[in-house]
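Undergrad: Supplied in structure tokens, the structure appears directly below.
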Amino acid sequence: MRSEFLISLLFFSMAGFAQPSVDLIRQDGVTNIEKILSADDMGGRQVYTTGIEKAAAFIAREFDSAGLVPMEGNEGYRQNFTVIKTKLTEAGAVLDGVALGSGQIIALTALPELTITQNDHYQKVIVKKAGDFRQAFLKYLDADKNYLILVDSNLTDDFSRRANFHFPQFEGSGNRIFILTSADPGVFVIHVKQEISKQSLTNIVGILPGKSLKNEYVIFSAHYDHLGIGDPDENADSIYNGANDDASGTTAIITLAKYFSMLHSNQRSLIFAAFTAEEIGEFGSAYFSKRLDPDKIAAMFNIEMIGTESKWGMNSAYITGFNKTDMGTVLRRNLGKTKFSFYPDPYPDQDLFYRSDNATLAKLGVPAHTISTSKMDSEPHYHKQSDEIETLDMKNMTRVIRAIAISAGTIISGKDTPERIRP
């Protein structure tokens, strides 16, 4: 891959161009990376499997070939960390004398056993609407403090869907207890017991050091995990290849790493991060984000599902949280008279801004946004075994990657610094 870029770079230099053209981001190179990441032999890239380890090794090799350097403190390009896997074995509560069953309790805690009463120091949150519950769950999924979240009984279906899923925890994180009840109890006892075990996970991270502003950072990220192998569908296909979700985003950051390395003109340092464990709660990005100084991060480009055309067709994508900063305005301006357009997220009711790997840094005020083309109201292959490379529009996907490269130009150079997240 690197040799293809070098040959093209030599051609453009001989032709008298001062810098390599964005046309160096070629469809054949993009397709080659996408094919490898979404191949059957990756086994759907599910966490804790040999398939995701194979994907991690491939991404690390690509970062090395792009000339990136490891982040300080990591093991090469691997950012290894541990999470606590939990399995609830016992749960119960008594609120003002009324007993609740285990189905009315979601415990997000790394502790094997926990009992709390009204005398413990837990911040109480009351949720009555479905949208508010979604936002609260995302907000407190990786919180460091103790919370008691009372979820109104009219949200039983939403509550039950989350109660049936086991969310890993970070050691030392806060205790977040969700209770399904219409009461606001004055006296209560809540008890949970669970089996716990430790599991290792890995982000892949590389840095292209900057020049005059090397202590300021621009992040390009995507998640490389997916859903693994399940029951065969109607076509006897059991592998969730995740070609669009999110091999497409991972392909983009590898391609951008190679491209910006060729330019060798970035004034700010560029971090390229492939996150694990997005599909089970954004744990890779949460771990990564908490090891950075948010004040030193100028912007984050998180790239999620760019392999299909957006609702506006070719040459378009949307930016989540568009109105929370002026970053979208900067990107639009940098695209100038190109045919490509960025739009605000057309699916605000789905809370996409806080449902991807930009969320942790966004909560810390960083202008961290996700770029996507996925039609979230009608994407036929989303989280299905049919999400394979044959369903992607590789020509348009290449154009999206080129547009990101162009639009990021003034942020990378230090000319523009997007404003911080507005509450």
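Every read-out reported here was derived from the displayed coordinates using simple, explicitly stated rules and does not represent laboratory data. Everything numeric here is computed off the predicted structure, so don't read it as measured data. Quick reminder, even Gly has a Cβ in these numbers, built from the backbone with ideal geometry, and neighbours come from all protein chains shown.
Undergrad: Find out how many positive minus negative residues lie around Gly409, taking Lys and Arg as positive, Asp and Glu as negative, among other residues whose Cβ is under 13 Å from that of Gly409.
TA: Local charge sum for Gly409: +4.
Undergrad: Determine the calculated [θ] at 222 nm for the chain from helices alone, applying -39500 (n - 2.57) to every DSSP H run no shorter than 4 residues and normalising by the residue count; nearest 500 deg cm²/dmol. Please report the intermediate quantities before stating the final value.
TA: Working: 11 runs with 115 residues, N = 423.
Taking each H run of at least 4 residues, the total per residue is -8000 deg cm²/dmol.
Undergrad: Give the cross-link partners of Lys85 among the aspartates and glutamates, using a straight C-alpha distance below 12 Å as the criterion and excluding same-chain residues fewer than 8 apart.
TA: Output for Lys85: Glu171, Glu195.
Undergrad: Relative to the present Cα-Cα distance, how much length would full extension add between Lys198 and Lys128 at 0.36 nm per residue of separation? Write down the numbers at each step before the final one.
TA: Values: separation 70, 0.36 × 70 = 25.20 nm, distance 3.46 nm.
Taking 0.36 nm per residue and subtracting the Cα distance, the gain is 21.7 nm.
Undergrad: Would you list which aspartates and glutamates come within 18 Å of Lys337, measuring only between C-alpha atoms, while excluding same-chain residues fewer than 8 positions from it?
TA: Asp23
Undergrad: Enumerate lysine pairs in the stretch 86-196 that are 8 or more residues apart or on different chains, then count those whose Cα atoms are under 17 Å apart.
TA: 5
Undergrad: In the neighborhood of Gln118, defined by Cβ-to-Cβ distances under 13 Å, what is the net charge if each Lys or Arg adds +1 and each Asp or Glu adds -1?
TA: Once positives and negatives cancel, what remains is -2.
Undergrad: Between beta-carbons, use under 10 Å as the cut-off and find the net charge around Arg355, counting Lys and Arg +1, Asp and Glu -1.
TA: With Lys, Arg at +1 and Asp, Glu at -1, the net is -4.
Undergrad: While we're here: If you build the Cα gyration tensor of the chain and take the root of 5 times each eigenvalue, what three semi-axes come out, in whole angstrom, biggest first?
TA: Gyration-tensor ellipsoid for the chain: 40, 22, 20 Å.
Undergrad: Using a 7 Å offset from the Cα along the Cα-to-Cβ direction at both Ser378 and Asn323, what is the distance between the two label points in nm, to one decimal?
TA: Taking the simple label geometry, Ser378 and Asn323 are separated by 2.4 nm.
Undergrad: Where a Cα-Cα gap under 21 Å defines reach, which lysines qualify for Lys211, not counting those fewer than 8 residues away within the same chain?
TA: Lys258, Lys296, Lys415
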